[in-house]
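Structure record follows, encoded as structure tokens.
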Amino acid sequence: CVLVVVPLISLQDDLIRRLGDKFSCCTSIEEYNSHQLLILTYEHAVTNTALSRLHLLAHNGHLSKVFIDEAHCFILDAAFRTEVRKLAWLESLGVPIVFLSATLTENVAQVTIKSFFGDAKIPIVRAPTVRPNLKYFVIK
């Protein structure tokens, strides 16, 4: 199973809509039953129930990776600043954690990584965000 953590229910719903026909998806740790993707909001991922179930999944080898979508929200959005401290426990699962953001600056990336991993050296992979398939037109 792959855990995807998102900041908003609307993003959770969008992922289900886009991926639900390709993968078995679940949006509740209480309803999880060997789905390929477990998509939780930040708030849901920090509950005691999620903590114990995710540790069990990881311990039994059923959790392979964690993706944290919109990672810049941890630092830039005041509504999520307390959640980053709570989500830091995900590191204890012992699986790779991938932070995703199209707008994360180098400085914010370092602050986010430090919030999770302290002073450990963590590689950052950056790619261009230019999307040639998008076009803008201005009409007067």
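The values are calculated or read from the model by the stated rules, or taken from the named source; none is laboratory data. In this text the structure is predicted, and so the values were computed from the model without any measurement. Neighbour counts are summed over all protein chains in view; Cβ atoms, including those assigned to glycine, are modelled from backbone coordinates with ideal geometry. Heads up: the accessible areas ignore ligands, DNA and RNA and are worked out on the full protein's heavy atoms, side chains in. Shrake-Rupley method; radii C 1.70, N 1.55, O 1.52, S 1.80 Å.
Tabulated values for the structure
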item: Output for the stretch 112-133, where each listed residue is assigned to a loop (DSSP other than H, G, I, E, B) and surrounded by 10 or more Cβ atoms within 10 Å (Cβ to Cβ); result: Gly118, Ile122, Ile124
item: The lone exception for Leu104 - which of (1) modelled with pLDDT of 85 or more; (2) in a loop (DSSP other than H, G, I, E, B) it fails; result: (1)
item: Residue tally, condition assigned to a helix (DSSP H, G or I) and in contact with a helix residue (DSSP H, G or I) (Cβ under 7 Å, 6 or more places away or on another chain), over the stretch 1-42; result: 1
item: Top-ranked residue in the stretch 47-95 [being in a loop (DSSP other than H, G, I, E, B) and at pLDDT below 85; ranked as nearest to Asp13 (Cα to Cα)]; result: Glu70
item: Pair list, Cβ < 7 Å and 6+ apart or interchain, from the stretch 95-118 residues that are touching a residue at least 12 places away in the same chain (Cβ under 8 Å) and within 27 Å of Cys1 (Cα to Cα) to residues that are of a type in the set (A, V, I, L, M, F, W, C) and surrounded by fewer than 18 Cβ atoms within 10 Å (Cβ to Cβ); result: Val98/Phe67; Leu100/Phe67; Ala109/Ile124; Ile113/Ile122; Ser115/Ala88; Phe116/Ala88
item: Scan of the stretch 12-42 for residues that are open to solvent by 30 Å² or more (accessible area, probe 1.4 Å), within 20 Å of Cys73 (Cβ to Cβ) and at pLDDT 85 or above, ordered by number; result: Asp13, Asp14
